Each structure stands twice: as structure tokens, then as C-alpha cells.
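Read through the structure below, which is laid out as C-alpha cells, and then see the notes.
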Amino acid sequence: MIMIMLSQSEFRSVNLLLFLMIACLPVFSFAVGDALVELDSVKVDLSDKQRILRGGQHFQQSCLSCHSLGDFVNDPVAKELGLTKQQMPVWPEDSWNGHPPPDLSLIALSMSPDWLYTYLRTYYVDRSRPTGFNNLVYPNTNMPNPFVDMQGRQVLINPNYFDRHAGHHEQFWYRIIKLKETGRLSPADFDEYVDDIVLFLTYVSDPSIHIRRQIGPWVLGYLLLFISVTYAYFKLMGRFYFKPPPPHR
Amino acid sequence: MSGNPPENLAPVDEVKRSLLKKTSVFLGALGLAGIGVPLLSYLSPNRSTREAGKPISVDVSGMKVGEQKTVLWRSKPVWIIRRSEAMLASLGLVDGSLKDPDSEIPQQPGYARNEMRSIRPDFLVLLGICTHLGCSPTYRPDPKSVDDTWVGGFYCSCHGSKFDLAGRVFKNMPAPSNLEVPPYHFSDENTLIIGDGGI
Amino acid sequence: MFLFLLASAFFLFVILSVLPYFRGVGVWIDRRLPIFSFLLEHLTYYPAPKNLNMWYAFGALAMVACVIQFISGIWLVMYYTPTADQAFSSVQLIMREVPYGWLVRYVHSTGVSMWFIVVYFHIFRGLLYGSYKTPRELLWMSGVVLLFLLMAEAYTGYVLPWGQMSFWASKVIISLFSSIPVVGNDIVVWLQGDYEVSGVTLHRFFAFHVVGFSFLILAMIFLHIIMLHSVGSNNPDGIDIMKHKDRNGWPLDAVPYYPYFVMKYIPIILFYLLVFFIIVFYAPTFYGLFLEAENFERANPLVTPLHIKPSWYLSPYYAILRSIPDKSLGALMMLLSILLWLFLPWLDLSPVRSMRYRGWMSRVALATVVGSFVLLGYLGLQPAVGWYLVMSRVATVLYFSFFVLIPIVSYYDHDHVVPERIPER
Ligand code: HEM
Ligand code: FES
């Protein structure tokens, strides 16, 4: 249809303009979060229900002691996991020095899955912080490292990073910190553990995803069919086939 | 050339034309129906409301004989009344003046379709909503408190419907049928579950 | 479900098919309330120039977009709660708990952006074919007013979910009024109804969004169509079709709007819906352009988000505002960037309407203003630093230069000869 529109418009310059505007669209999108390090990209396969459930179990194990999922409690997946409102912590405004752990119902949308995936894996030992850990993606985070026993301890191997970062943006976290003491899980298993949690949180942020994918093809298929029928009807008629108007008043 | 339409009328395959037209109209109707589905479903109770409409349990251990307790279930008043022997005896006296003494109109679950309209004779469970136009009748257990022949029951002040102590409506009342008995069961001696008839 | 759909579709189909047999009823009603003859006159026998092309579908699409917003909007109001502590969670209630609430909400949020896309293309069509020229000056001006109303509607709506961007965007825009001399700060407090943007502000924005601006838009669209139908459509050749009529007074170069153009535009409208629903089902946030990530966080008056950026459809004006290093002047230029369009019919001195017959200078002028507008739109979404800032200043100058150049350019340009009748292609 766009092609038809283009071929009918008069100037090459107009075509070009349209094209540029459409081509520009992806450029408009930009990364969320303000990380200084490059974010790892994580593949969220929301069709894997078992994995979402597994991520939910990991969440209950590692995160639920501090973070609630207030909007999620009535979801079927929450039911299956046995997540209830009672299990979820409620923090007074002034606890944690005024930074109580936030509710995570929408975190995968307000940050991004990539951000979460990298953030949760880039804690490193920093004695100057009250929790003993700092984070590369979210510097001076108030959240204690929840994974010390699983991941082990990462340490800074490239302290210069902080002096030089102003000019360089494409630093990779694994060139800055390194695993020194291994934890209960192997690095690969740990990554998968975090990946599961991220997948779960992505689902939690917008559970409509399953039904959207279910209905989507039907609606689009219907529209395509309708377009072809009405277009065929229009094409069959000549401009003057339709009844001429009666004498004009 | 002039823009005089009929001269330019090209021959068109009329069968094909009519077919395409009918298909278009049908597809359009299908689309309207398709838009209707989400818009109408949206109006039905949402998940939180449905959650809140689940069965509730009521502790009846502390209830005195003759006492009425009103609880809310699905935002509607449900009465629990612990009837005395005398109240139960009054039920037999009025049969003749009732509209539907044997509860033939299905205003109760099967297990409450008996003389007492209840599972246990002492406990009466009723939806406190008049079957006429939805007011909530008052509990008037004392004989002669409403009129001279009154043996105890429920009186709706809106348009004067009268019901006996099993919620059965008297003859010639505005209300067309007996008060409704919601599904319920006793999970133990003292715990009443309203909204679920048990197994 | 599927059977239900088919059954109700069949039911509707039957009703539609037997409707023609009730012609008598229609005639009876029409004598007393001439709605059918009104439709006949304005839809069926509206004399449309026979060369109207795809660009002319955007007006119809803007109406479709309007209908979509109204229906989904009415449905949203059924659960949305305009108070500071409930607004955010009521949106989540709609998204998660209400049957098809996610669909209604995503349709409404996608619908705004789609409406703006359509309207921008619609305006571009007007510029391309000189639709603002006499006798369509008022029609064009009503369009500029519509654009203004649409922006007000979108802005008040944007505040309603009460996320971080809602809060801070409303604060930034309201603060613009403080640049008014002397009374500015009082006006800000008056608009907010509080000493700070708060739940009170949210509640009045809600009132303006659902009943204030929306009804003004409806009224304005109505006037827009009335004006269009009293002067008639322009066309891609910019030729006045009313000059040559047949014996019955029917313009020789016109065909009845229905069914020819209606049938031509129905597949286009459906294609629009196709794009619309691809976004709704597969990319409802549209990479942070239609629904910003920051707005999934509840409004917090104590923490400003790192990047405050406007919605994409307002970003050109925002870029103009930022590129001018003076608060009052910036706000004024931002206002002028829209208001100046009102005067275009008198700034363009060329007797020729359509770019098809205009010289290269006018074409360059058009390309400049459109190009700089798109560029400003892009820059408005980027941080105002370094090259971005330099470029947005250049683009701002280019944008405003259009209004200075167009009288000169249109006066001296070498236009081509416009044919008497619409040429056959
Ligand atoms: C809510 C937004 C709007 C709606 C629903 C709307 C609707 C329409 C419709 C249905 C038409 C006739 C079909 C067509 O020529 O495309 C039309 C024509 C027109 N509109 Fe709009 N419009 C809107 C906004 C605007 C704006 C923002 C402008 C300009 C700033 C504008 C300027 C015009 C002009 C000049 C025409 C006549 C075009 C011609 O005959 O060549 N409209 N509009
Ligand atoms: S509502 Fe009870 S008598 Fe009318």
C-alpha cells in the first residue's frame, strides 16, 4: 500500500522524504537506563511457561523478602506459584534511609530486561559501601548483593575505569570486574538463574503478552482478507461505473 | 471529452461484483462483532471483583437463639438467623396463607428445599433482598408486631411485602416469590460457608 | 467464541441486507428529520474532484482515529480514577484485571500517536497542494486550531497515568506560563490549583481531557467539514473544478464521493487498522516512543528522571523551546511555531496552488520547513548538549526562515501554467 502511495505521489523528493521518515523511525528508539557500561542483551522467550514459573520460584527465593509484586497477585501464574499478598513485604516510607525496596511489578518496563540482566550480575566488592558491595550498572545502589552465596564475589580489576569513563562509553563489564571467589553455582548456571528471574519479571510487567500473541494473528489475518476483498471490489469498478448523480439542486 | 458518466461505463462481471459486495458486507459485520466482544466483556466483573466475590466463612458459635446476623457477600446482605423452637413452630401455622409454601419456585438450592428452607433447622440463611424491587426487608420476630395476625417474619417497608420466618412470601403481596437462599454449607459445627454449597 | 462471532456477524449481515426493504420508514423519518438527505448530500453526492489521490485519505483517517480515541476513552474512564494515589494503580487494574482492559488501554495509547501521524501527513498534503489558499483560508485555520486542540488533548491525557513522565512533563509545561511577565507565577498556581503540581492538578486535567478539549475537538471537526463542503475539495492539481459544470450544475471533473472514493478509501482505512493493530499486539510501547519507559514508574515529586523528554509528537516544539537560550523568548517562539501557520494563506503570494505547477523555489521552501520540522522532532528527543544543541539551533532558524522566505519566494518563483481542466492521466 505504501508502494502504491509512493508511486502515485508526484515528486521524487516527496518519495524520498517519506522514505527517510520511515527509515528514521528505528533511530528514534533509544536505550533506557543510564548505565555507563554496555548492557548484555538477554533473550526473553515469553512462550516458555515452565521457565517463567522457574523464574518465579527463584524470585520467591531471592527477591521476595524485600520486594513486592503488588499488581501481580491475582494473575494465574501468581496463583500457580502460590504468591500471595501476605507474603509480600510492606515498607514504611522512611525505612532504609528513605529508599525502601520498590515494588517490582513494572520494573521490566520501566527499566528493561537487558538492564535487569546486567545489573543483577555486576555486583563487586567495595568496602566503602555500607553493604560491602557496589554495582557497575547502578553505581552506589542501596540494594545489598542478593547473590553472594550463589555467584561468589566479583572484584574490581580495572579501577582506572572510573577515571576514564567520561570519554569512553563502550566499556564491557567483564573487563572491569572479575569473579574472584566462586559461589555455589557455576557462572553459567548463575547466568541462567538470573535470566530466569528476568524472564519472570518481564512477564510480570505485562501479562497480556500471551493473549496478545494468541489473538494477534487472527485480527491481522482478518484485516488482510478484508483489505483484499474491498480492494478487489474497488478495482473491479471503473471510476464511472457507479451511478451518476441526479440533477444537481 | 466530457465527464459524462454513462458513456464511460465499462462492462463489469456482475456475478463477481455481487459476490465481492456481499463478502465485504459480511466481513464488515464480522468486524463489528469482533469489536463488540472486547467492549462487552470489559463490562463484566473484573478479576479483583470476582476474587472478592469468593465464598466467605462466618463464625456462628456466639449467636444467641433468635439473634439475626447480617454479613455482606458479593456486596449483598446475607442474613443468618438462629431460630428458636417457637419460631420453627410458627412456620406450620401459616402454610395456608402462603403463596408458595412448598418452595416450588427455585429460589433456593436443592438442599434447602424443605419445610424450614435450610440445611439445619435452627440456622436460617437468606439473601436479605426483597424479591419485589430489591429493598432489604426488616426482621420482625415478635408476634403481632406488624399486624394482629403476625406470627413473626420479615416485613418489607418499601411496598409492604410480608414473609414468614423461612422467608416464604404471603399471598397477595407485591413480592412475587420467596426470599432467595444463597448457596451455603457448614464446614464444621460452628462455621458457615456462604457462596459455596459444599460437595 | 468463534461460533459466537460468526453467529453475530451473520445476524448483522442479515439486518444489513434487509435494510433496503425498509425504505418507506426512512422516507417517513427523513421528512421529519432530514438525516438521510443530509448524508446523501454530504457523503454520496458530494462532488469530489476525480483526481483525489491517497493523500486525501488522511482526512478520513483522522476521523477514524478520532472515533477510536472516543470509544476506547469512554471505556477507560469506567475504571480510571483521577486521584494522585489511585491513578497509577487504576491503570494497572485496567491492564491486568479488567477483561480486555489491556486491549482498550493499548488501543488508546497507540491511537494518540497514530492520530498525530495521520494529522501531520494531512497537513503536509495541504502544503503540497496549496489547500490553504483562497477560498479555503478559514478551513485551513480551523485545521491549525484543531492541531492546537489535539496537542492540548494529548498533553492533558498524558498526565493522567500519573507516572514519572506524566508528573514532570506537566510540571515543565505548566512552568512555561511563569515566563509571562508580572502575573506568570500567579497563573502557574492558578492552573495547578495548588502550590505544586498535585492531585488537584491531575483532577482538573482529567476534566479537560475527557470533556473539555475532547468536545471542542468534536465541534471543531464538525466546523472543519462544514467549511470543506461549502467551498469544496481542492485537488492534487489545484484546479478549480467549479468553473466547468454540466447542464445540471454538476462539475465536469467531479465524481460522487460515494461510492467511488468511499470504496477507494475503505481498503486504506483497513490498512491503517492493520498497522495500528500490529503495534497494539506486537509492540505496544513502540520502543519507548508511544509509551515511555519512565512512565511505568509512579509519579514521585522528589525525584526527577534523568532524561525529561516530550512525547514524539510534541518534540519539535520542545526542541525549539530548548534551542533558544532565553526562557520567555523560547516559550514565545514555541507558541509562534504553531501560530504562524495561521497566516500562511496570506504569506504565500503565488496564484498557483499545487506544487505540481510551482517552481523550484517554492519546492525548496516546502522541503526546508518539512525537513527542519522532522529534524527538530528527532533532536527534541535527544539531550540538549553538544552537536545536538547546535543542530537544533540551525533547524530552528531554518524552520522559521520558511515564514520569512515564502512571501518572497512565492512572488519571484517561476510557476508553470495551470491547465483549465484536470488532465487525464
Ligand atoms: C482532528 C484532526 C482533523 C480531522 C479529523 C480532519 C478531517 C478532515 C477531513 C475529513 C477532510 C476532507 C478529506 C481530505 O481532504 O483529506 C479535511 C480536509 C482538510 N483539512 Fe483537515 N482534519 C483535521 C486536522 C487538520 C489540520 C491540523 C489541518 C491544517 C493545519 C487541516 C486542514 C485541512 C484542509 C486545508 C483540508 C482541505 C483539503 C483539500 O481540500 O485539499 N485539517 N480534514
Ligand atoms: S421492594 Fe419489598 S415490597 Fe417492594
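Some values worked out for this structure:
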item: Within region C:383-425, tally of residues that are over 31 Å from the mean Cα position of the chain (by Cα), farther than 22 Å from C:W360 by Cβ and open to solvent by 80 Å² or more (accessible area, probe 1.4 Å); result: 3
item: Pairs where the first residue, in region B:86-107, is closer than 16 Å to B:F154 by Cβ and the second is open to solvent by 70 Å² or more (accessible area, probe 1.4 Å), C-beta under 7 Å, 6+ apart; result: B:L91/B:E115; B:S97/B:K171; B:L98/B:K171; B:K99/B:K171; B:S103/B:R113; B:Q107/B:E180
item: Of all residues in region C:116-171 being away from chain A (no Cβ under 14 Å) and hydroxyl-bearing (S, T, Y), the one that is surrounded by the fewest Cβ atoms within 10 Å (Cβ to Cβ); result: C:T134
item: Those residues of region A:121-130 which are of a type outside the set (D, E, K, R) and touching a strand residue (DSSP E or B) at 6+ places or on another chain (Cβ under 9 Å), in sequence order; result: A:T122, A:Y123, A:Y124, A:V125, A:S128
item: Matching option when the condition is open to solvent by less than 70 Å² (accessible area, probe 1.4 Å) and not in a helix (DSSP H, G or I), among C:T83, C:T110; result: C:T83
item: Single match in B:L9, B:L40 (criterion: within 14 Å of chain C (Cβ to nearest Cβ), at pLDDT 90 or above and open to solvent by 30 Å² or more (accessible area, probe 1.4 Å)); result: B:L40
item: Test: residue in region C:140-150 that is in the same structural domain as C:H209 (by TED's automatic domain parsing) and more than 9 Å from ligand 1 (Cβ to nearest atom); result: no
item: Test: residue in region C:52-60 that is open to solvent by 30 Å² or more (accessible area, probe 1.4 Å) and within 14 Å of chain A (Cβ to nearest Cβ); result: no
item: Single condition C:L291 does not satisfy, out of (1) outside the structural domain of C:L202 (by TED's automatic domain parsing); (2) buried (at least 19 other Cβ atoms within 10 Å of the Cβ); (3) within 30 Å of C:V67 (Cβ to Cβ); result: (1)
item: Any helices (runs of 4 or more DSSP H) falling wholly within region C:314-387 and containing at least 2 residues that are hydrophobic (A, V, I, L, M, F, W, C) and within 16 Å of C:L398 (Cα to Cα); result: C:315-323, C:327-339, C:360-379
item: Any hit, region C:213-233, residues being under 30 Å from C:P135 (Cα atoms), within 14 Å of chain A (Cβ to nearest Cβ), more than 16 Å from ligand 2 (Cβ to nearest atom) and buried (at least 21 other Cβ atoms within 10 Å of the Cβ); result: no
item: Boolean, C:W115 is away from ligand 2 (no atom under 16 Å from the Cβ), out of contact with any Pro (no Cβ under 8 Å at 6 or more places or on another chain) and of a type in the set (F, W, Y); result: yes
item: Residue match in region C:273-294 (condition: closer than 30 Å to C:E196 by Cα and assigned to a helix (DSSP H, G or I)); result: yes
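The values are calculated or read from the model by the stated rules, or taken from the named source; none is laboratory data. From a predicted model like this one, the values you see are computed outputs, not experimental measurements. We place every Cβ from the backbone using ideal geometry, glycine too, and count neighbours over all the protein chains shown. Only protein heavy atoms, including side chains, enter the accessible area calculation; ligands, DNA and RNA are left aside. Shrake-Rupley method; radii C 1.70, N 1.55, O 1.52, S 1.80 Å.
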